[in-house]
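Engineer: Pasting a structure here, questions to come.
Where a number appears in this text, it was derived from the coordinates with a stated rule and is not lab data. Computed from a predicted structure; not experimentally measured. Heads up, the Cβs are rebuilt from the backbone with ideal geometry, glycines too, and the neighbour counts pull from every protein chain shown.
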Amino acid sequence: MNRKQIMKNWFLQRPMWIFPGLLLAFASCTDFIIEMDPQDQWKVLDSGKIVLHYRPSGFSSSPSPDLDEARTIVRNQNIYYRAIQDSVQVSFEDKVLVYLFNDDEAEKLIGTNTGGHAIPKFNSFYFAYMPNRRPVTDQYHIENPIVGSHELVHVITHRALGYPESKMMSEGYAMWLDGLYGGYHIEDIIRKYRDEEPEKLMDPNQLLTESIDKESVYYPNCGIFTRFLIASYGLEEINRLFTCPADRFKKAFQEVTGESWDSMSRKYDRYLEKL
């Protein structure tokens, strides 16, 4: 894709990083912009609802994906794309642009070389290519996914349900629908916390106020809590809370579900005990 094409499509679908002069600032994987020079050294694979941009062989000292891996990523992302819509029961038809950075450039350019960031308003997300990953099969029966569904969940849910005003709901849906953190299933992580590191087990109040900001603790807890909410109170009801601000969430929860926050919290404690 050349510079002229990027400029032409800027307001329609292209992400913010393509212009210089933007500052690096991110508070979560859906809230960041980065400062970098425009780059157009991408190989592009467009199939279904996914447009994958990845680095050509020899671009940097770190490996780049080969064509077979690129095809696998696109195929998997299209599977996730349909599964996310089915799971959340929303309609979303826009193409999503994926930018896959090599390991040795990712941390500088997108702030991490162990994951990614989504820019839902531009139907885009960025991810670090990690050739050495922990072997795992995800909940969609995909073995060793090169790029999981987490960032795609952000794009689709934010565009289809609205922009969440709490980190708990934003990351909760992404972790519920991805099901993995660091190559481990989130229920295994939470069971380990419950049995061996109880100080890392977060209750609903702690999740709502983000009392533990360590990602490896907060994210799995969010995912399990969201899974509990939807199983207990229904998808339609919890979808209605997706954009609710944290400071009004408890009241809105009772209005939507008919149950108090404290009563729900006690149920969640019992849910974790049986997990």
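Engineer: If you rank HIS154, HIS141 by fewest surrounding Cβ atoms within 10 Å, what's the result?
Structural biologist: HIS141, HIS154
Engineer: Between TRP42 and ASP104, what is 0.36 nm times their sequence separation minus the Cα-Cα distance? Round to one decimal in nm.
Structural biologist: 20.7 nm is the gain from fully extending TRP42 to ASP104.
Engineer: Tell me, what ³J(HN,Hα) does each residue in the range 241-251 have, in order and in whole Hz, if you take phi through Karplus 6.51 cos²θ - 1.76 cosθ + 1.60 with θ = phi - 60° and put x for Gly and Pro?
Structural biologist: 8, 4, 9, 6, x, 4, 6, 10, 5, 4, 5
Engineer: Debye sum, Cα scatterers, the range 60-127, no solvent: what log₁₀ I/I(0) at q = 0.26 1/Å?
Structural biologist: -1.23
Engineer: While we're looking at this one, here's another question. Among (i) 1.02; (ii) 1.08; (iii) 1.33, which is the computed Cα Rg over 2.2 N^0.38 Å?
Structural biologist: (i)
Engineer: Can you tell which of PRO198, PRO220, PRO56 shows the greatest fluctuation in a Gaussian network model of the chain with Cα springs below 10 Å?
Structural biologist: It is PRO198.
Engineer: Something else now. About the Cα centre of the chain, how large is the charge dipole given +1 on each Lys and Arg Cβ and -1 on each Asp and Glu Cβ? Please answer in debye to the nearest 20.
Structural biologist: Its charge dipole is roughly 660 debye.
Engineer: On C-alpha positions alone, give me the angle between the axis of helix 186-196 and the longest principal axis of the chain, in degrees, nearest 10.
Structural biologist: Orientation of helix 186-196: about 50 degrees from the principal axis.
Engineer: Okay, next question. Within 10 Å of each residue's Cβ, count the other Cβ atoms and sort ASP46, ASP203 from fewest upward.
Structural biologist: ASP46, ASP203
Engineer: State, to one decimal in nm, how far the label point of LYS267 lies from the label point of SER232, with both points 7 Å from Cα in the Cβ direction.
Structural biologist: Modelled inter-label distance: 0.6 nm.
Engineer: Follow-up. Quick one: work out the % antiparallel among DSSP beta bridges in the chain, nearest 5.
Structural biologist: 60 percent
Engineer: Further question on the same structure: Tell me the label-point distance for the pair HIS141, ARG75, using the 7 Å Cα-to-Cβ offset, in nm and rounded to one decimal.
Structural biologist: 1.4 nm
Engineer: Give the whole-number value, in cubic angstrom per residue, of the convex hull volume spanned by the C-alpha atoms of the range 167-274.
Structural biologist: Output value, Cα hull per residue: 90 Å³.
Engineer: For the pair ASP94/ARG133, report the inter-label distance in nm, with labels modelled 7 Å from Cα in the Cβ direction.
Structural biologist: 2.5 nm
Engineer: To one decimal place, what Kirkwood hydrodynamic radius in Å is obtained for the range 101-208 from all pairs of distinct Cα atoms?
Structural biologist: Radius from the Kirkwood sum: 15.2 Å.
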